[in-house]
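One structure is given below, encoded as structure tokens.
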Amino acid sequence: MGWTFFIILFLYVSVCECRRLPDPEPLMHGAVQSPQYPQPYSPNLQEQWDLSVPEGYQIQITFTHLDIEASTGCYYDALTLLYDAKILGKFCGQENSADGHHPGSQPIPSPGNRLTLIFQTDDNNPERHQNVGFSAQYQATDVDECSAPEPRDGSGPLCSQICLNTVGSYLCACHHGYELRPDQRSCVLSCGGGIFDELEGHLFSPGYPSPPPYAVSCQYIISVEPGFTVTLNFTDIFHIESTDTVQGPNCPHHWLQMTIPDREPIKLCGGKSPGQIVTNSNTVRLDYHTDDEGLSQGWSLDYSTHRVKCPFPGNMANGRVTPILTEYFYRDYIFVRCDQGYKLMMDGQEIEAFSTMCQSDEKWHLTLPKCHIIDCREPEPLLNGGVTFLSGFQNQYRSVVQYHCNEPFYTLLGGINVVFTCEADRKWRPNNDIIVSPTCIPVCGQPTKLIYAYQRIIGGSETPDYAIPWQVLLSRNGQRGGGMVIGDRWIMTAAHVVVVMGNPVSKETIRIYMGLTDVNIRLGSPVLASSVHVHPEYNNSNSVNFNHDIALIKMQDSVTFSSSIMPICLPAAGATYINGMMGLVSGFGITEIDDRRILTNKMNYVHLPVVTQETCSNSITLLKRTRNGVPSLTENMFCAGVPEGGKDSCQGDSGGPYSLREDGRFWAAGIVSWGIDCGKQGTYGVYTRVANYIDWINKTMQEN
């Protein structure tokens, strides 16, 4: 007995664990053919096909071929189509045959989503092996339930108000003021109008223009986005039960109450339409109330919206507002542009561009900026010069400035006035397009004090301050020499001053003193040399060849010129040395005091005339007859002095200037080079002819 129980329990569990597979989904299309098609069918057949498609669809069947033994009423062989036992058609014969009933090639619809085909043949077929049967295709087609006639059973339409056809089915909907009942077919009166948030709309009371069937209490809320205001426009047909009073209609039982935020509610009733009501609000609540008595036909309205308005922005000083409109509304943008020469400023900061939008609170989201005049900042400083304002101030737009140099020591390159204007691009632009930038160049050879009396170095007089501002005192390892200023970083001297034993001295051994006439009083910090450049053809290893006795010294720092320091002019192209022309020689070399020659600490000068090459050459020839080691005169040298002697340059003056004055300017005609017996009768001082070296001088300064 125990084993039997076990077996039964096992079988029970096994059976319960088996689950039925779900029915397959109906097909949406398919094909049906008679047995053995396209071969002739057999006698005594009884075949049935039950076709179905999903709910909400109907079947359409189309015969691609039908060849069944023809007979009157398809009595012997036949294909019958049925829907729920109702015969839709009975077919036999062949296409275009005179007897039988052929379906043709047009689709045959089924009233629903099912269709049954029955193919039946008898045992007598005179055309045996001739008739092949049939072949058909079927498919599901959507049923427009909403177009179907109402059923005859009196159950009413599918939908009581609105029917919406869908693929495979349908949906019911209701008019405004009604809602769908749980049966999803019929509609019932509804007062829950919900929230209307579209910018335009239409509202009406339930049943309008007929009275509602019973008491209603409905609420409608129009609420659009901030920035818009609602306007109500009631139609002419307006009827809400009221009682007349002296003050107007009273609304004791039926009313339409309009509520706007932050305002007292207003009750509307009577038989006269309120017409248009501008609410100036984006939210309006309408409460419609009726009781079980009275017959109010109700109301209908269209509502529209308008954007809120912002105040006129006003005019901009030195600027303009665009676009210029008569009114500005919510979401309108305005832009501010400043006039030429002005900039946008907001909160103390300059801004590139400005725009502001009209907000929903009827205010611009940003206050307008200001247009301030632009400025070009300080004009570029001019080295050795300055700037003068001709018009305007604080470097503002259209201010005009003029550059000038520190006269009389500097002058503008080109010699014309340089005027700049502050333009709208915030740059100083020259009034003359040719001028790129002003440059102050030194004034050469025009001392602020002139020497008029002829004096002399040997037995001569001391130099007044500012009379020979290009004179330089050179110190080379304690040895004294002279030189002259020819640029803000360049000194010209004799080659033999900076060459010892055939080699240029180190730049570190050179000290340069400028702007002084008394070594003891004004000897300050020396200027240091940056480089020394000796003429490449100078070769005086035996101290008797002073040809090409010229050298240039570049200073480490630039010099600012003044009354005490000023350059001497270089010779002009084609400069000539005319016999008898009086030149000025200066230096800190040996001078004669009480018939004694001593090295002076004060600058001395002397005026000496130019001597012809023939006179000078003859004097040197005479000296060579009585002395050895007398240098030779070349075309790169010239002589100056007087035949009676007593006026000359001497040791310590080497490298100093011999200057000639022409058109009010002193130019460097010569460099103190060599001589025999300072100031002796019949001898002359020999000077390097600077005019022969202009190309080398310019090239050296440009390349270094």
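Annotations
- Looking across the range 519-568 at every residue that is under 60 Å from the mean Cα position of the chain (by Cα) and charged (D, E, K, R), the one that is surrounded by the fewest Cβ atoms within 10 Å (Cβ to Cβ) is identified as Asp557.
- Taking the criterion of being modelled with pLDDT under 75 and assigned to a strand (DSSP E or B), the residues of the range 173-186 that qualify are Tyr178, Glu179.
- Flag for Leu232 being in contact with a Pro (Cβ under 8 Å, 6 or more places away or on another chain), closer than 30 Å to Tyr330 by Cβ and in a strand (DSSP E or B): yes
- Set Ser34, Ser42, Ser105, Ser71: member being out of contact with any strand residue (DSSP E or B) (no Cβ under 8 Å at 6 or more places or on another chain) and surrounded by 11 or more Cβ atoms within 10 Å (Cβ to Cβ): Ser42
- Test result for Val246, more than 60 Å from the chain's Cα centre (by Cα), crowded, with 17+ Cβ neighbours inside 10 Å and farther than 30 Å from His365 by Cα: no
- For the range 293-343, residues that are free of Cβ contacts under 8 Å to residues at least 24 places away in the same chain and within 28 Å of Thr421 (Cα to Cα) total 2.
- The condition of being part of a loop (DSSP other than H, G, I, E, B) and surrounded by 13 or more Cβ atoms within 10 Å (Cβ to Cβ) holds for only one of Ile237, Ile222, that being Ile237.
- Residue that is modelled with the lowest pLDDT, among those in the range 504-542 that are among the hydroxyl-bearing types (Ser, Thr, Tyr) and touching a helix residue (DSSP H, G or I) at 6+ places or on another chain (Cβ under 8 Å): Tyr513
- Taking the range 667-681 as the range and being more than 13 Å from Met484 (Cα to Cα) and either touching a helix residue (DSSP H, G or I) at 6+ places or on another chain (Cβ under 6 Å) or among the aliphatic types (A, V, I, L, M) (or both) as the test, only Ile676 passes.
- The residue that is modelled with the highest pLDDT, counting only those in the range 474-488 that are part of a strand (DSSP E or B) and among the charged types (D, E, K, R), is Arg476.
- Looking at Thr326, Thr356, just one residue is farther than 30 Å from Phe561 by Cβ, β-branched (Val, Ile, Thr), at pLDDT below 95 and outside the structural domain of Phe561 (by TED's automatic domain parsing), and that residue is Thr326.
- Look at (1) more than 36 Å from the chain's Cα centre (by Cα); (2) outside any loop (DSSP other than H, G, I, E, B) and you find that Pro408 fails only one, number (2).
- In the range 26-76, the residue that is nearest to Ser110 (Cα to Cα) out of those that are outside any strand (DSSP E or B) and of a type in the set (S, T, N, Q) is Ser34.
- Asp153 being touching a residue at least 12 places away in the same chain (Cβ under 8 Å) and either in contact with a strand residue (DSSP E or B) (Cβ under 9 Å, 6 or more places away or on another chain) or of a type outside the set (S, T, N, Q) (or both): no
- Filter result for the condition that a residue is outside any loop (DSSP other than H, G, I, E, B), in contact with a Pro (Cβ under 9 Å, 6 or more places away or on another chain) and either among the β-branched types (Val, Ile, Thr) or surrounded by 15 or more Cβ atoms within 10 Å (Cβ to Cβ) (or both), over Tyr288, Tyr303: Tyr288
- Counted residues, the range 580-595 - those being surrounded by 12 or more Cβ atoms within 10 Å (Cβ to Cβ), assigned to a loop (DSSP other than H, G, I, E, B) and not small (Gly, Ala, Ser): 2
- Selected residue (criterion: farthest from the chain's Cα centre (by Cα)) from residues of the range 606-643 that are buried (at least 22 other Cβ atoms within 10 Å of the Cβ), in a strand (DSSP E or B) and at pLDDT 90 or above: Val611
- Among the residues here, Gln471 does not qualify as outside the structural domain of Phe389 (by TED's automatic domain parsing), of a type in the set (S, T, N, Q), out of contact with any helix residue (DSSP H, G or I) (no Cβ under 8 Å at 6 or more places or on another chain) and at pLDDT below 90.
- Once the range 411-421 is narrowed to residues that are in a strand (DSSP E or B) and of a type outside the set (Ser, Thr, Tyr), the residue that is modelled with the lowest pLDDT is Val418.
- Residue match in the range 681-695 (condition: of a type in the set (Lys, Arg) and closer than 26 Å to Arg476 by Cα): yes
- Residue within the range 120-132 that is in contact with a helix residue (DSSP H, G or I) (Cβ under 7 Å, 6 or more places away or on another chain) and of a type outside the set (Ser, Thr, Tyr) present: no
- Test for Thr448: is it buried (at least 20 other Cβ atoms within 10 Å of the Cβ) and either charged (D, E, K, R) or touching a Phe, Trp or Tyr at 6+ places or on another chain (Cβ under 6 Å) (or both): no
- Every residue from the range 442-463 that is modelled with pLDDT of 85 or more and touching a Cys at 6+ places or on another chain (Cβ under 8 Å): Cys444, Gly445
The values are calculated or read from the model by the stated rules, or taken from the named source; none is laboratory data. Predicted, not measured: the structure shown is a model, and the values here were computed from it. Backbone-built Cβ (ideal geometry, glycine too); neighbour counts: all protein chains shown.
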